[in-house]
Each structure stands twice: as structure tokens, then as C-alpha cells.
Amino acid sequence: MTGIKSYIDTHKNRFVNELIELLKIPSISADSAYNNDVLKTAEATAKELKKAGCQHVEICETKGHPIVYGEIIIDTKLPTVLVYGHYDVQPPDPLSLWNSPPFEPIIKCTDIHPDGAIFARGACDDKGQMFMHVKALEIMNQTNQLPCNIKFMIEGEEEVGSNNLVDFVKEHKKKLNNDVILISDTGMIAKDVPSITTGLRGLSYVEVEVTGPNRDLHSGLYGGAVANPINILTKMIASLHDDNNRITIPGFYDKVEELSSQERNEMAKAPFSLDAYKKALNINAVYGENGYTTNERNSIRPTLDVNGIWGGYTGEGAKTVIASKAFAKISMRLVPNQDWQEITSLFKVHFEAIAPEGISVKVTPHHGGQGYVTPINNIGYKAASMAYEDTFGKKPIPQRSGGSIPIVALFEQELKSKTILMGFGLDSDAIHSPNEHFGLFNYFKGIETIPLFYKYFVELSKSI
Ligand code: BES
Ligand code: MN
Ligand code: MN
């Protein structure tokens, strides 16, 4: 492909400014106060797709936030790539920890990003990465090098579980028909260590409510004589891990796939510095399931984590009270073969069983999804690998990620196609955290690498 780099060079500033405009709209899918902004972001995304060269763009209503669909079909005999991404973002709080407002993007240089990085909620997850695909289309279109058909499906509910996308995919199989699915919503090992994500963990997310007495009580008059829901909840949560940091829910590990020592040795070859890892997080030790390395703990092993816990008095000063209720939000990251619905019910049965008398428990499932592993012997993976090799000068390393994109397993089930995860973010980009950012180097490298994926995918498709 010719002229890609020079096209990027010529239009660099505009590519950054267009992304900044998108980042200014607070498309927080979890908070209904932002519904209008979510809709505005869908409209802006649709407009950009049209501008980049899609022949047909539509905003598809759902029961929740809309899905933006766009396509450019140049020849039905050629392969079709379906690009998936999301335009919604995580809530930015706690706001006080941001060095600049989350929806007023600014470019700053950091040690890891000496060429600058855009700081804003969604910069990396996923507006920045999704927009690389829009710009890649613009380039291929403008330089007359589009080698195949492209469909875009950009949703607005990824950060809240993609519940409405499930029906959309099931109802529009024909419209979404494709030869491979391409997603940039993951990361890479380091700027000079390109990698392709070959696995995602599944997820089961639940909320628990623990109730004791029918009202909040004076902690002197009643303390010691009735079960305190907060004490009990924390005790119940603590009991969910044993001394080896394994999860104690009966049956939890039954379907977990144990990797062979050969596969584990292969994984261990990926460059990783435990010292640098600890330093970056300012911790003096890592923590996790005995018998597994840090990289294994956060990719091939399942987990259980409390994401939030509340109850009782948390205001200024002290109030002597035994609250009637205590709550927690709990996520379990799952590995392939573990079924998220089955794990959710194992959790529910166990959590209800361990509650002492005098306490009632309510477990409410939020959402979930299956894990995913993509084989590396298909032409999609090979095309991606060749594309990275061209732009980074190095063969990318296959890497299983700890994060989840629950819809990917459903794509395989319903659309019967494999997903290639070409992520360009770094772990240090602080996605979901205050001061999320996306390096300009990564942004432009992504825009440069994506067109090559299309080129190699079409070439390899011809040879089979
Ligand atoms: N893009 C992330 C997932 C991700 C990030 C995967 C980095 C691999 C590497 C996605 O937006 C996300 O945050 N997913 C959620 C799950 C969702 C159901 C809320 C997650 O993993 O917590
Ligand atoms: Mn994402
Ligand atoms: Mn996310």
C-alpha cells in the first residue's frame, strides 16, 4: 500500500482534532442523566463514518442506547470485514483525581508518551481506538486502496454489558454477515513490543444485599446482640477466598481449563518485568492465587473481586449506628469453558448458604458474558501479524488479556466468525481510571497498521 504514512502525516492535526471533538461529548452509558449526550455521540459517530466513505450509515434504535451501523460494499464477491467498537465510556468519577476535566481533552507528554497523549475519558477505551478504524477507512478510500467490503457496528452500551446488542446481532445476522470481525478495544504489551490479543476473560457481575434488623439501630443499645449486616457482609466476602487465594465457591473451578506446561512456558516468554509492574503501581508486593505468575493470574485464571461496598454511616464525623443493610458489587472474571450463567447461580446458592441466621441475603445478577480464545492459525490472525510486522518491524506476540468484551463470544456463536483483537492501548493508559489517556504514537500507529490488515486479509483469502 502506498502513501498511507504520508497521508497520515499530512492530516495528522485534523485526525487529532476530530477525535478531540468526539471526546468532548460525555457519552456515559451507565448514567441516564447523560442519555442525550450518548445520543449526540452516536450521531457524531455516524457523521464521521459517512465522511470517511461509508455509503450507507444508520442509527439503529434499541431498548437502550442506539447502535451506529455503517457499510461500504465495493464488490460482494470480495471479503467483508466487520469492525466492532463502542462509543460509550465509563463514568469519570472520582472527578477530584483528574488533573484536567475528563471531557475537556488536552494533549500532554508523559515518560511513556514523549510525543504526547490525549487525556480524556474514552481516549483509549474506546473512542480513540474505534476512531482509528474510521480514519483507516478514510485513508483507504481517499487513496483508492480499499481492498474489500467493510461494515461498522459501533455500540453505545459496551460499558454496561451490551445487553441490547445481543438481540440486535441475533435479529440482523444477514446484515452483519462477514468473513472476519476486527476490534481495537484491547491493549498491547509495550510501544516497542507489539502484541495481538488472543483471549478475553468472561464475566459475571452481581450485586449483593445483606439485611439484618428492620431498621438502623443504636450501636450501643443493640450492639453485640444482633448481627451487624456490615460485619457479616465483610466476613462473608472474606470467606470467598482461601489461604491460597483460591475461590471457595463449590464447583467454581470445575470447568476451568488448565494450560499445559508447554503453553505456560510459551506465555512466560512474553517480556515482563515484575519490578517495573510493582513500581508503576507503587506496591511492594503482588498478590494472587498461589502457584501462578502475575501474567497468569490476570489472564488464564478466574478471579472474584469486590468493586464497591457500602452501608451505614460514611459522612463526616461519627455516628453510632448498626445499619439495617449492607451492599456490595462483585465481579468474577472467568476463563474459557466456564459458563457465566452457571457461575452466577453457583455464586448465588453459595452466598445465600453462608449467611448466618438472623441475616437475609439477596443476590441480583447484573450482566455477564463468556470468555473467548482466538486461534492463531487462521488467516485473520496471520493478516494482523503481517500488518504489525510491517509497521513495528517486529512480529507481534500473541497474548491473552484479562479484560472482557462479552459480545465477542456471542459473535462467534451467532455470526460464526472469528474476532481479531488488534489493540493499541497500553496498561498504563489508565482506562476506567482518572486521567485516562491514549498516546499519539499509538493512535497513528493504529491508523497505519489497520489498512495493512485489510490488504493481507484479502491476499490470504484469495490463496485459500
Ligand atoms: N475495552 C475494555 C476491555 C478490555 C480492555 C479488554 C483492555 C482487554 C484489554 C472494555 O471496554 C471493558 O471495559 N469491558 C468491561 C466489561 C463490560 C461488560 C463492562 C471490563 O472488562 O470490565
Ligand atoms: Mn472498551
Ligand atoms: Mn471499558
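The values are calculated or read from the model by the stated rules, or taken from the named source; none is laboratory data. Everything quoted here is computed from the prediction, not taken from an experiment. All Cβ positions, glycine included, derive from the backbone under ideal geometry; neighbour counts span all protein chains shown. For accessibility, only protein heavy atoms count, side chains too; no ligands or nucleic acids. Shrake-Rupley method; radii C 1.70, N 1.55, O 1.52, S 1.80 Å.
How large is ³J(HN,Hα), in whole Hz, for each residue of the range 67-80 in order, when computed from phi with the Karplus curve 6.51 cos²θ - 1.76 cosθ + 1.60 and θ = phi - 60°, using x for Gly and Pro?
3J(HN,Hα) across the range 67-80, in whole Hz: 9, 9, 10, x, 8, 9, 10, 9, 6, 5, 7, 7, x, 10.
Over the range 23-141, with the other protein chains present, what is the accessible area per residue in square angstrom, probe 1.4 angstrom? Please report the intermediate quantities before stating the final value.
On the way: 4730 Å² over 119 residues.
Here the residues of the range 23-141 average 40 Å² of exposed surface.
Taking only protein heavy atoms into account and a 1.4 Å probe, give the accessible area per residue of the range 283-335 in Å². Intermediate values should be presented prior to the final figure.
On the way: 2680 Å² over 53 residues.
On a per-residue basis, 51 Å².
DSSP H helices in the chain with Cα extent of 30 Å or more along the helix axis and mean Kyte-Doolittle hydropathy at least -1.0?
Details: long enough: 440-462 (34 Å, 0.27).
Sorted by number, the helices that extend far enough and score high enough are 440-462.
Select from the range 291-385 those GluC sites (Glu not before Pro) which occupy a DSSP coil region and have at most 12 other Cβ atoms within 10 Å, ordered by residue number.
Glu316, Glu357
Could you work out Rg/(2.2 N^0.38 Å) for the range 135-258, with Rg from alpha carbons only? Working shown, then result.
Details: Rg = 24.8 Å, N = 124, 2.2 N^0.38 = 13.7 Å.
The range 135-258 yields a ratio of 1.80.
Output the Kirkwood hydrodynamic radius of the range 339-464, Cα pairs only, in Å rounded to one decimal. If you can, show how the numbers build up before the last one.
Details: mean 1/r = 0.0555 Å⁻¹.
The answer is 18.0 Å.
Run through every distinct alpha carbon pair of the range 350-408 and return the Kirkwood hydrodynamic radius in angstroms, one decimal place. Intermediate results must be reported in sequence, preceding the final value.
Details: mean 1/r = 0.0633 Å⁻¹.
Final number for the Kirkwood radius of the range 350-408 is 15.8 Å.
With a sphere of radius 11 Å drawn around the Cβ of Gly380, what net charge do the other residues whose Cβ falls strictly inside it have (Lys, Arg +1; Asp, Glu -1)? Present the calculation step by step, with values, prior to reporting the outcome.
Working: positive: Lys382, Lys418; negative: Asp179.
Computed value for this residue: +1.
When ligands, DNA and RNA are left out and all protein chains stay put, how many square angstrom of accessible area per residue does the range 398-464 have with a 1.4 Å probe? Let's see the in-between values first.
Numbers: 2190 Å² over 67 residues.
On a per-residue basis, 33 Å².
Determine the share of the range 242-342's accessible area contributed by carbon and sulfur atoms, expressed in whole percent, with a 1.4 angstrom probe. All intermediate terms of the calculation are to be shown ahead of the outcome.
Details: 2920 of 6170 Å².
With neighbouring chains kept in place, the figure for the range 242-342 is 47 percent.
Step by step: find N for the chain, compute 2.2 N^0.38 Å, then divide the Cα radius of gyration by it. What's the final number? Display every interim value, and only then the final one.
On the way: Rg = 23.4 Å, N = 464, 2.2 N^0.38 = 22.7 Å.
So the chain has a normalised radius of gyration of 1.03.
Quick check: at a probe of 1.4 Å, how many percent of the accessible area of the range 4-104 sits on carbon and sulfur atoms?
Numbers: 2470 of 4860 Å².
On the range 4-104, the fraction of accessible area on carbon and sulfur atoms equals 51 percent.
To the nearest µm²/s, what D does Stokes-Einstein give for the range 1-100 at 4 °C and 1.567 mPa s, using the Kirkwood radius over alpha carbon pairs as Rh? Before the final figure, lay out each step's value.
Working: Rh = 15.9 Å.
Estimated diffusion coefficient is 82 µm²/s.
Step through the residues of the range 181-198 one at a time and calculate ³J(HN,Hα) from phi using the Karplus curve (6.51 cos²θ - 1.76 cosθ + 1.60, θ = phi - 60°), rounding each to whole Hz and writing x for Gly and Pro.
3J(HN,Hα) across the range 181-198, in whole Hz: 10, 10, 9, 10, 8, 9, x, 10, 5, 7, 4, 9, 10, x, 8, 10, 6, 10.
For the range 249-407, taking Cα atoms only, what is the radius of gyration to one decimal and the Dmax to the nearest whole Å?
Considering the range 249-407 through its Cα atoms, Rg and Dmax are 20.6, 65 Å.
From the P(r) of the range 29-87, can you give the percent of Cα pairs sitting at distances over 18 Å? Mind dumping the intermediate values first?
Numbers: 674 of 1711 pairs.
Roughly 39 percent, once rounded to a whole number.
Applying 1/(1 + (r/R0)^6) with R0 = 35 Å to the Cβ-Cβ distance of His172 and Lys462, what FRET efficiency is obtained, to the nearest 0.05?
Numbers: r = 28 Å, r/R0 = 0.80.
It comes to 0.80.
Determine one quarter of the surface area of the Cα convex hull of the range 85-183, which equals its mean projected area, and express it in nm² to one decimal.
Working: hull surface 34.8 nm².
Mean shadow area of the hull around the Cα atoms is 8.7 nm².
Counting other Cβ atoms within 10 Å, which trypsin sites (Lys or Arg not before Pro) in the range 214-262 have at most 10 and lie in a DSSP loop? Please list the in-between numbers first.
Numbers: sites: Arg215, Lys235, Arg246, Lys255; in loops: Arg215, Arg246, Lys255.
Within the range 214-262, the qualifying trypsin sites (Lys or Arg not before Pro) (loop, at most 10 other Cβ atoms within 10 Å) are Arg215.
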